[in-house]
Amino acid sequence: MLAVAQEEKDMIVVMQHSARQEQIEGVVACIRDMGYRPHVSEGEETTIIGIIGHSAPEQLERLEFLPGVDHMVPIGKPYKLGSRDFKPRDTIVGVDGVSFGARRLAVIAGPCAVESEEQLRETAVAIQASGARALRAGAFKPRTSPYSFQGLGRAALEMMDRLRRDLGLVVITEVLTPDDVDVVASHVDILQVGARNMQNFSLLQEIGRSGHPVLLKRGMSATVEELLMSAEYILANNNNRVILCERGIRTFENSTRFTLDISAIPVLKHLTHLPVIVDPSHATGKWMFVAPVAKAAIAAGADGLMVEVHPRPSEALSDGPQSLRLDRFGTLMDELSILAPAVGRTL
Ligand code: PEP
Ligand code: MN
C-alpha cells in the first residue's frame, strides 16, 4: 500500500505481521538517520513505529519501501505517544504492586492535606482496612488564597515516607515546582500534578525526566485535548508511567464546586491508552455527592478513584466539606465492590 496523505505531518509506520527483528531495526535506523526519534511499540500481532519530531512527509515516503514495512498511517491528532493510534493496547501503570489501568480498580484515598502524623496514620489505617491501596495527602497545597493553609511541606513528605514503609501503602502527593521534583520523588511513589499546574510545562518536563509515576489532573478549564497534550510533555521526556485524572471542570453550574465531565471518561479511554481515574471530591465539593458520583465514574469506565477522606472533616484544615468520614468511605468501598463486577471490574 502506498503513502496515504502527503499533507499530514505526523506518520506512523506499521510493520508487516511477518516482519523480522532486523527489518524493524532497519526502519528504526533509517528514522534516526533522517533526524527523527523512533518510538517502537510492539503489539501482539504487529509492530508500530512512531516518528517523533517535526516531520516532512515527502522525506518520510521512502520508509514505505523498506523491507518489512506494511504501510504508513498519518496521525491527525496533535498528541502522539499518548494516542491509541500509536499504542492500541491499554497501558497498565504498575506502582509497587498497585496497577492502574488493569481490570482491578485502583482506589486512592486520604486527606486533602497532611495535618499531623496522627491524623495521617489514623486515616491511612482506616482506608487500608476498607480496601484502598494508595494513600493521598498534600504536603504542598496549591491554595487559591495565599492566606489559606499551605501544607506542612517537607515534614509531611517524611511522614508519608514513614507510613508507606510501615503500612505498605502506595503514597501520592502533589509537587508544585520543578525544583521540588527530586525531593518529592524520593519520599512518595506517585507525583501528583494538580489542576492548577496542568500546563506548567517546565514541571511536566522535569517529571518526565524523573521517570517517576505521575498522576496528571485535568485543568479546570482544560479541554480533553489539552490534557492529552500535557501528558505528551511527560511521555516525550521518556516517562510512560502517566495516569490521567478527571476532577471536574468549570461550567455555569454552581450547585457543585466543579462539574464532573463524566463523558470525558469514555472519550479519554477511546483516545488514549493511558489509565484514567476520577476525583469525585474536588469535582463535587460536597461530601454527600461524592459517593454517587464516584459510582457513576466507575460505571462510565474509570480505572479507579481518588477520594478525600478525613477522620474529622469538620476539623480539617482544607477541603473538610468534601471529605468523607472514615466510616462513609468504608460504605462506599462496599458499594463499589458490588458495582465493579457489573462493569467487568474487580475491586
Ligand atoms: C488535590 O487533589 O488536593 C487538589 C488540589 O486537586 P486539584 O488540583 O484537582 O484542585
Ligand atoms: Mn483537596
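The values are calculated or read from the model by the stated rules, or taken from the named source; none is laboratory data. All values derive from a computational prediction rather than experimental measurement. Glycine gets a Cβ as well: all are built from the backbone with ideal geometry, and neighbour counts include every protein chain shown. For the accessible areas, the whole protein counts, side chains as well, though only heavy atoms, and no ligand, DNA or RNA atoms are used. Shrake-Rupley method; radii C 1.70, N 1.55, O 1.52, S 1.80 Å.
Selection of first residues in the stretch 181-198 that are without any contact (Cβ under 8 Å) to a residue 60 or more places away in the chain and open to solvent by 10 Å² or more (accessible area, probe 1.4 Å) and of second residues that are in a loop (DSSP other than H, G, I, E, B) and away from ligand 1 (no atom under 12 Å from the Cβ), restricted to Cβ pairs under 8 Å at least 6 apart or on distinct chains, gives the following pairs, ordered by first then second residue: 185/212.
Out of all the residues in the stretch 298-307, is one or more in contact with a Gly (Cβ under 8 Å, 6 or more places away or on another chain), within 16 Å of ligand 2 (Cβ to nearest atom) and assigned to a loop (DSSP other than H, G, I, E, B)? No, the conditions are met nowhere in the stretch 298-307. Scan the stretch 52-101 for residues that are within 30 Å of residue 167 (Cα to Cα) and either under 15 Å from the mean Cα position of the chain (by Cα) or part of a strand (DSSP E or B) (or both) and the total you get is 10. The set of residues from the stretch 141-152 being in contact with a helix residue (DSSP H, G or I) (Cβ under 9 Å, 6 or more places away or on another chain) and either within 12 Å of ligand 2 (Cβ to nearest atom) or under 20 Å from residue 243 (Cα atoms) (or both) comprises 142, 144. I'd like to know if the stretch 117-138 contains one or more residues that are within 16 Å of ligand 2 (Cβ to nearest atom), open to solvent by 40 Å² or more (accessible area, probe 1.4 Å) and outside any helix (DSSP H, G or I). Looking through the stretch 117-138, none of the residues is within 16 Å of ligand 2 (Cβ to nearest atom), open to solvent by 40 Å² or more (accessible area, probe 1.4 Å) and outside any helix (DSSP H, G or I).
Cβ separations smaller than 7 Å between residues 6+ apart or across chains give the following pairs from the stretch 299-316 residues that are within 15 Å of ligand 1 (Cβ to nearest atom) to residues that are of a type in the set (D, E, K, R): 306/136; 306/279; 308/319; 313/325. Residues of the stretch 216-243 that are in a strand (DSSP E or B) and within 12 Å of ligand 1 (Cβ to nearest atom): 216, 217. Kindly check whether there is at least one residue in the stretch 250-267 that is in contact with a Gly (Cβ under 9 Å, 6 or more places away or on another chain), more than 12 Å from ligand 2 (Cβ to nearest atom), part of a helix (DSSP H, G or I) and within 21 Å of residue 219 (Cβ to Cβ). Yes, because at least one residue in the stretch 250-267 is in contact with a Gly (Cβ under 9 Å, 6 or more places away or on another chain), more than 12 Å from ligand 2 (Cβ to nearest atom), part of a helix (DSSP H, G or I) and within 21 Å of residue 219 (Cβ to Cβ). Counting only residues that are in contact with a helix residue (DSSP H, G or I) (Cβ under 6 Å, 6 or more places away or on another chain) and either among the β-branched types (Val, Ile, Thr) or in a helix (DSSP H, G or I) (or both), the stretch 284-296 holds 7 of them. Within the stretch 89-116, if we keep just the residues that are open to solvent by 10 Å² or more (accessible area, probe 1.4 Å) and farther than 30 Å from residue 42 by Cα, the residue that is nearest to ligand 1 (Cβ to nearest atom) turns out to be 115. Residue 158 fulfils the conditions (1) surrounded by 23 or more Cβ atoms within 10 Å (Cβ to Cβ); (2) away from ligand 1 (no atom under 16 Å from the Cβ) except for a single criterion, (1).
Considered as a group, the residues in the stretch 244-262 that are open to solvent by 10 Å² or more (accessible area, probe 1.4 Å) and among the charged types (D, E, K, R) include one that is nearest to ligand 1 (Cβ to nearest atom), and that residue is 257.
Please work out if residue 42 is open to solvent by 40 Å² or more (accessible area, probe 1.4 Å), within 33 Å of the chain's Cα centre (by Cα) and at pLDDT below 80. Spelling it out, it is not the case that residue 42 is open to solvent by 40 Å² or more (accessible area, probe 1.4 Å), within 33 Å of the chain's Cα centre (by Cα) and at pLDDT below 80.
Does residue 318 satisfy the criteria of being in a helix (DSSP H, G or I), open to solvent by less than 60 Å² (accessible area, probe 1.4 Å) and within 22 Å of residue 197 (Cβ to Cβ)?
no
In this structure, is residue 265 farther than 20 Å from residue 173 by Cβ, open to solvent by less than 10 Å² (accessible area, probe 1.4 Å) and in contact (Cβ under 8 Å) with a residue 24 or more places away in the chain? For residue 265, the condition - farther than 20 Å from residue 173 by Cβ, open to solvent by less than 10 Å² (accessible area, probe 1.4 Å) and in contact (Cβ under 8 Å) with a residue 24 or more places away in the chain - is met.
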